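K.L.:
Structure incoming, see below.
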Amino acid sequence: MACLTLLVVIGSSPAVLVYAQRPAAARITIPSPRSVLGFTPGDDRTIADWRQITDYFAGLDKASDRVSVQTIGQSTLRRPIIAALISARENILALNRYKEIQQKLADPRNVATAAERDRLIRDGKVVVAVSCSIHSTEIVASQMSMQLAFELASAQDAETREMLQSTILILIPSSNPDGIDIVAKWYRKTLGTPFEGKEPPELYHHYAGHDDNRDWFMLNLKETQAITRMFWKEWFPQIVYDIHQQGPNGSRFFIPPFFDPANPNISPLLLRQVGLIGYKIAADLQAVGTKGVITNSTYDTWWHGGFRTAPYFHNSIGILSEAASARLMTPTTVTREQLARSTSRGMRNALEAATNFPDPWPGGEWRPREIMNMEMTATRSVLGMAAKFRSEYLRNFYELGRQNTTATAAPDEPIAYLIPAGQGRDESVAKLVGALVEQGIEVHRLDRELHAAYGPHVLQRTNSAAAKLGSYRRIIAHTSGYHEVPTSSYIVFLGQPQRRNVLALLEPQIYPNRTNSQGEAERPYDVAGWTLSMQLGVDAPAVTAIQEAVVDRRLSMVRDANEVRKDLALPLKTADSSPIVNPLGQPQGATRIGIYKAWTSNMDEGWTRFIFDSFNVPYNSVHDAALRQEDLSAKYEAIILPSQRAREIIEGNLAGAYPEEFTGGISAAGVVKLKGFVEAGGTLICFDAACELPIKQFNLPLRNALEGLRSSDFYCPGSVLSLEVDNTQALARGLARNVDAYFINSSAFETTDPKVHIIARYAKENLLRSGWLMGEDKLKGQIALAEVSLGKGRIVLFAFRPQHRGQTWGTLPFIWNALRPRLN
């Protein structure tokens with residue numbers, strides 16, 4: 001950050017602006033991206049990699065007194081994650097002061113008087129966070145970030161000055177630096193070839209791929225952890241704008257308001273503010289002649305865990321934009337026929353005008369520059385709104401926090417959530433408490449026992465006669481009276497600024513039944529249920545009353561995730577390594593487990609690796625060629641097929657779609673190899689959709705009872721369901737008789753063969769725990785986990801995903817048990 005004050009423009013070139021330092025006569029230039037990169041961001045067939053982006057921002061930091069660049073963490077593959085704070089010079093010089101103001105506004109309990117509140121609002125700045133290209137194939141925003149920063153650092157017009165004086169921008173060029181380099185390397189490699197503009201044949205985040213934007217409440221990934229710490233422990237932005245791209249054939253640009261349904265734990269005021277900013281962006285785009293802008297379409301506000309959805313539960317405004325994609329940085333052509341076939345929630349087709357889509361784009365050539373121009377306009381719209389209504393945004397932010405801290409619960413509604421001591425699931429308890437604390441939720445440890453009325457949440461059907469379209473309500477199934485809560489338990493009170501976040505994470509979700517005129521389910525944008533305690537297999541009952549009048553002296557605040565591990569006598573986290581002890585007790589050199597890794601960018605495979613790395617279980621990735629050619633029995637005792645349809649595994653990428661080494665799948669030869677591996681004594685473990693391969697290719701005596709059903713007959717998107725477990729069997733060792741599992745358009749098996757070992761079934765009663773389930777009679781009592789012998793080996797068939805998104809720790813013991821007999 002340079003301490004400079006006077007702008008002097010030399011000549012007419014837009015490439016270089018010069019500041020004169022006062023009182024010294026030395027000059028420092030503000031470099032444009034073109035002067036550093038050799039091209040202007042957004043130019044066709046050009047791309048800046050992460051080193052070029054960070055180098056540019058480092059130079060801007062040195063040259064401009066409006067910019068302060070900070071390294072806020074490291075990525076999964078140890079690249080720096082940077083954030084550029086951009087504001088007026090006087091604000092940059094006082095960043096610590098404004099951070100303190102933000103922290104006080106975020107927690108009104110620390111504001112002593114109305115006069116102090118008014119002073120904070122008068123003096124504060126609206127903090128706006130803008131994130132680019134978390135999905136790195138949506139590459140344009142990462143390139144745009146440099147041009148945006150340059151223009152804000154150098155412009156002298158009144159509008160820009162007002163923005164900078166009233167706001168502090170946190171600009172994140174990408175929250176996925178590793179992915180930027182994956183895409184840049186692949187794009188440069190394929191430039192000028194038949195594969196130019198194709199997405200890379202690998203996940204663009206080392207573990208998560210597209211799911212790196214599904215981690216904002218579980219905080220599994222280093223990138224999510226670093227940004228969450230900056231946002232919800234330090235800066236508390238009032239507005240978060242997450243810039244994305246969508247497919248090429250629909251609208252040119254989506255902006256809020258969002259489509260229904262809205263999560264009931266989002267403040268109505270926030271929904272109004274989101275709509276207000278979205279309409280301003282849409283109007284500004286229309287004013288400069290941009291066609292194809294749509295609102296109230298496709299994307300909803302139900303689900304919690306995205307970059308722009310998590311802020312709602314922190315009392316902040318979350319804005320999403322989705323621009324139609326080019327072919328990475330290569331132009332594409334979109335025909336009217338393609339637009340006519342494109343449809344989505346809130347859009348009949350991409351050529352038909354409507355109130356929310358008044359000026360469709362007619363088709364033609366589509367370039368990265370057009371994407372960049374829309375994103376630049378939208379960002380300036382957000383900053384302009386934040387500047388013009390500065391005091392309103394600050395006051396509303398404060399008031400939302402105040403209302404959360406003073407809200408009172410209705411009778412039989414929760415006042416807190418309890419995580420009782422002594423559950424015997426210490427790693428899962430540490431994960432739950434750590435995830436809550438690290439996103440700014442207050443969690444207390446009980447240093448002395450107290451007495452409370454509490455019980456688990458249960459979803460109760462309200463119209464049991466309508467088996468296909470059931471409605472539910474939440475009840476708390478507690479017994480009468482007060483019960484002793486043991487020392488060392490954890491308690492999460494709702495009387496805190498993040499009240500709505502606590503509810504959104506710990507109460508069961510009830511997704512509204514949304515069907516069309518034919519009775520078919522309207523697909524949610526993401527999942528329908530995600531209750532953290534259920535996914536983690538941790539008891540976290542709702543507390544409705546506490547007997548003791550004063551509890552403060554019995555409690556101590558949990559400060560960070562490592563403190564929880566210390567409380568539970570677990571190994572502490574140090575540096576980059578996971579502290580979790582290998583549940584199989586293997587020596588670190590043992591790698592007799594193979595995890596199948598296709599060239600089709602399978603996120604379930606990435607999350608499988610994440611879980612194995614997190615639990616320090618060694619493995620080898622097994623690619624298509626290895627499955628076709630290697631002696632599998634000589635190398636592995638167990639092979640895991642993450643969730644993927646059989647056709648995708650066998651055929652892979654089609655010939656000609658990618659270079660030859662990335663096509664072909666495991667082929668019929670690989671199927672024969674896998675079967676031979678099992679017959680020779682190996683263990684094949686299949687997750688969800690991958691079960692189709694052995695069932696059909698090996699002629700196993702099971703079938704998927706849900707295959708071919710229409711969504712009018714059965715539908716269950718991402719939801720938590722209850723399993724009935726036979727815990728006398730080795731695969732269920734250490735598990736309870738009832739276990740929560742994650743079902744995401746998954747499977748259910750049936751068989752008449754007594755040789756099939758049935759480990760778990762979907763529950764016959766109280767099946768839905770959190771989310772949305774239609775046609776539950778199709779699922780009740782069906783097989784969820786089975787084991788089938790084949791030759792000297794066996795196949796373990798998970799009808800669900802036991803490691804979904806790295807979140808479902810409650811079902812991980814099934815995996816370890818499936819591996820343990822063959823490893824010990």
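The values are calculated or read from the model by the stated rules, or taken from the named source; none is laboratory data. If you're wondering where the values come from, they're calculated on a predicted model, not measured in any experiment. Every residue, glycine as well, gets a Cβ built from its backbone with ideal geometry; the counts of neighbours run over all protein chains shown. Calculation scope for accessible area: heavy atoms of the full protein, side chains included, ligands and nucleic acids excluded. Shrake-Rupley method; radii C 1.70, N 1.55, O 1.52, S 1.80 Å.
K.L.:
Which whole-number percent of Cα pairs in segment 297-427 have a distance greater than 20 Å?
P.N.:
Tail of the P(r) past 20 Å holds 69 percent of the pairs.
K.L.:
Further, regarding this structure: What are the extents of the Cα atoms of segment 661-744 along their three principal axes, listed from largest to smallest and rounded to whole Å?
P.N.:
Projected onto the principal axes, the Cα atoms of segment 661-744 cover 41, 37, 28 Å.
K.L.:
Through the Karplus equation 6.51 cos²θ - 1.76 cosθ + 1.60, θ set to phi - 60°, convert the phi angles of segment 674-681 into ³J(HN,Hα) values in whole Hz; use x for Gly and Pro.
P.N.:
Running phi through 6.51 cos²θ - 1.76 cosθ + 1.60 with θ = phi - 60° gives 5, 5, x, 4, 5, 4, 7, x Hz.
K.L.:
Another question, if that's okay. Quickly work out the R647-to-K62 label distance, labels modelled 7 Å from Cα along the C-beta direction, and quote it in nm with one decimal.
P.N.:
5.5 nm
K.L.:
Same structure, new question: Would you calculate the convex hull of the Cα atoms in segment 359-512 and tell me its volume per residue in Å³?
P.N.:
Taking only Cα atoms, segment 359-512 has a hull volume of 256 Å³ per residue.
K.L.:
Further question: In bins 10 Å wide, starting from 0, what share of all Cα pairs of segment 195-263 does each bin hold, as a percent?
P.N.:
Percent of Cα pairs in each bin: 14, 34, 38, 14, 1.
K.L.:
Relative to the present Cα-Cα distance, how much length would full extension add between L654 and K189 at 0.36 nm per residue of separation?
P.N.:
Between L654 and K189, full extension yields an extra 165.4 nm.
K.L.:
Name the residues whose placed amide hydrogens come within less than 5 Å of the amide hydrogen of I30, ignoring near sequence neighbours (fewer than 5 apart) on the same chain.
P.N.:
Placed amide hydrogens put L17, V18, Y19 under 5 Å from I30.
K.L.:
Can you figure out the FRET efficiency of L269 with Q165, using R₀ = 30 Å and their beta-carbon distance, to the nearest 0.05?
P.N.:
Efficiency, rounded to the nearest 0.05: 0.70.
K.L.:
Which length gain, in nm to one decimal place, applies between R327 and R474 when the Cα-Cα distance is subtracted from 0.36 nm times their residue separation?
P.N.:
Additional length available on full extension: 48.3 nm.
K.L.:
May I pose another question? Taking the square root of 5 times each eigenvalue of the Cα gyration tensor, what semi-axes in Å does the equivalent ellipsoid of segment 548-645 have, largest first?
P.N.:
So the three semi-axes of segment 548-645 are 40, 16, 10 Å.
K.L.:
Starting from the exponent 0.38 and prefactor 2.2 Å, build the expected Rg for segment 364-420 from its residue count and divide its actual Cα Rg by it.
P.N.:
Dividing the Cα Rg of segment 364-420 by 2.2 N^0.38 Å gives 2.07.
K.L.:
Which of the three applies to segment 145-257, rounded, prolate or oblate, going by the alpha-carbon gyration tensor with a ≥ b ≥ c and a/c under 1.5 meaning rounded?
P.N.:
Oblate is the answer for segment 145-257, as a/c is 1.5 or above yet b/c matches or exceeds a/b.
K.L.:
So what is the relative contact order of segment 235-305, in percent, for Cα pairs below 8 Å that sit 6 or more residues apart?
P.N.:
46 percent
K.L.:
Indicate the gyration tensor shape class of segment 587-740 (rounded, prolate or oblate), computed on the Cα atoms with a ≥ b ≥ c the square roots of the eigenvalues: a/c under 1.5 is rounded; otherwise a/b larger than b/c is prolate and the rest oblate.
P.N.:
oblate
K.L.:
While we're looking at this one, here's another question. Go ahead and run the numbers for FRET between T408 and E522, Cβ-Cβ distance against an R0 of 30 Å, rounding to 0.05.
P.N.:
In this case the efficiency is close to 0.25.
K.L.:
Of K185/K233; K431/K635; K189/K222; K62/K185; K125/K388; K675/K755, which sit over 23 Å apart, Cα to Cα?
P.N.:
Pairs exceeding 23 Å: K185/K233; K431/K635; K189/K222; K62/K185.
K.L.:
Where nothing but the Cβ of Lys and Arg (+1) and of Asp and Glu (-1) is charged, how large is the charge dipole of the chain around its Cα centre, in debye to the nearest 20?
P.N.:
With only Lys, Arg, Asp and Glu charged at Cβ, the dipole is about 460 debye.
K.L.:
What value does the chain have for Rg/Rh, both radii from Cα atoms and Rh as Kirkwood defines it?
P.N.:
0.97
K.L.:
Another question, if that's okay. Using packing as a proxy for protection, rank 521-530, 683-692 so that the peptide with the highest average count of other Cβ atoms within 10 Å comes first.
P.N.:
683-692, 521-530
K.L.:
So if I place +1 on the C-beta of Lys and Arg and -1 on the C-beta of Asp and Glu, and nothing else carries charge, what would the dipole magnitude of segment 489-571 be about its Cα centre? I want it in debye, nearest 20.
P.N.:
200 debye
K.L.:
Within segment 307-372, list the chymotrypsin sites (Phe, Trp or Tyr not before Pro) lying in a DSSP loop whose Cβ has at most 13 other Cβ atoms in a 10 Å radius.
P.N.:
Sites meeting the loop and neighbour criteria: none at all.
K.L.:
Still on this model: Per the 1.4 Å probe, what fraction of the accessible area of segment 167-218, in percent, lies on carbon and sulfur atoms?
P.N.:
That share works out to 54 percent.
K.L.:
How big is the equivalent ellipsoid of segment 31-173 along its three axes, where each semi-axis is √(5λ) from the Cα gyration tensor, reported in whole Å from largest to smallest?
P.N.:
Working from the Cα gyration tensor, I get semi-axes of 31, 18, 12 Å.
K.L.:
In addition: Considering just Cα atoms, how many Å³ per residue does the convex hull of segment 692-824 enclose?
P.N.:
That works out to 115 Å³ per residue.
K.L.:
Given R₀ = 45 Å, what would the calculated FRET efficiency be for K99 paired with L77, taking r from the Cβ atoms and rounding to 0.05?
P.N.:
Once the sixth-power term is evaluated, E becomes 0.95.
K.L.:
What does the highest-first list of 501-511, 622-632 look like by mean Cβ count within 10 Å?
P.N.:
So the peptides 501-511, 622-632, ranked by packing, come out 501-511, 622-632.
K.L.:
Report the one residue of M329, S344, A283 whose Cα lies farthest in the direction of the positive end of the charge dipole of segment 227-383 (charges on C-beta: Lys and Arg +1, Asp and Glu -1; origin at the Cα centre).
P.N.:
Among M329, S344, A283, the one farthest towards the positive end of the dipole of segment 227-383 is M329.
K.L.:
Order these peptides, 243-253, 394-404, by their mean beta-carbon neighbour count within 10 angstrom, highest first.
P.N.:
243-253, 394-404
K.L.:
In addition: Remind me, relative contact order of the chain in percent, using alpha carbon pairs under 8 angstrom and six or more residues apart?
P.N.:
So the answer I get is 10 percent.
K.L.:
For segment 734-747, just list the computed ³J(HN,Hα) in residue order, Karplus coefficients 6.51, -1.76 and 1.60, θ = phi - 60°, integers in Hz, with x standing in for Gly and Pro.
P.N.:
Result, ordered by residue: x, 9, 7, 6, 10, 10, 7, 10, 9, 10, 10, 6, 8, 10 Hz.
K.L.:
What value does segment 205-321 have for Rg/Rh, both radii from Cα atoms and Rh as Kirkwood defines it?
P.N.:
Rg divided by Rh gives 0.98.
K.L.:
For the pair R733 and D118, how long in nm is the line joining their label points, each one 7 Å along Cα→Cβ?
P.N.:
6.9 nm
K.L.:
Follow-up question, since we're still on this one. Mean shadow of segment 461-568, computed from the convex hull of its alpha carbons, in nm²?
P.N.:
10.4 nm²
K.L.:
Quick one: compute the contact order of segment 626-726, relative version, from alpha carbon pairs under 8 angstrom and 6+ residues apart, as a percent.
P.N.:
32 percent
K.L.:
With both partners inside the chain, how many of the DSSP beta bridges are antiparallel, as a percent to the nearest 5?
P.N.:
Of the beta bridges lying entirely in the chain, close to 65 percent run antiparallel.
K.L.:
While we're here: How much length would be gained if the chain were fully extended between A634 and E750, taking 0.36 nm per residue of separation minus their Cα-Cα distance, in nm to one decimal?
P.N.:
Residue separation times 0.36 nm, minus the Cα-Cα distance, leaves 38.4 nm.
K.L.:
How about segment 340-393: which trypsin sites (Lys or Arg not before Pro) there are in a DSSP loop, with at most 13 other Cβ atoms within 10 Å of their Cβ?
P.N.:
For trypsin sites (Lys or Arg not before Pro) across segment 340-393 that sit outside H, G, I, E and B with at most 13 neighbouring Cβ atoms in 10 Å, the list reads R348.
K.L.:
Please provide three numbers in whole Å: the alpha-carbon extents of segment 87-134 along the principal axes, with the largest listed first.
P.N.:
Extents along the principal axes: 41, 26, 15 Å.
K.L.:
While we're on this one: What do you get when you divide the Cα radius of gyration of segment 45-95 by 2.2 N^0.38 Å, with N the number of residues?
P.N.:
Dividing the Cα radius of gyration by 2.2 N^0.38 Å gives 1.28.
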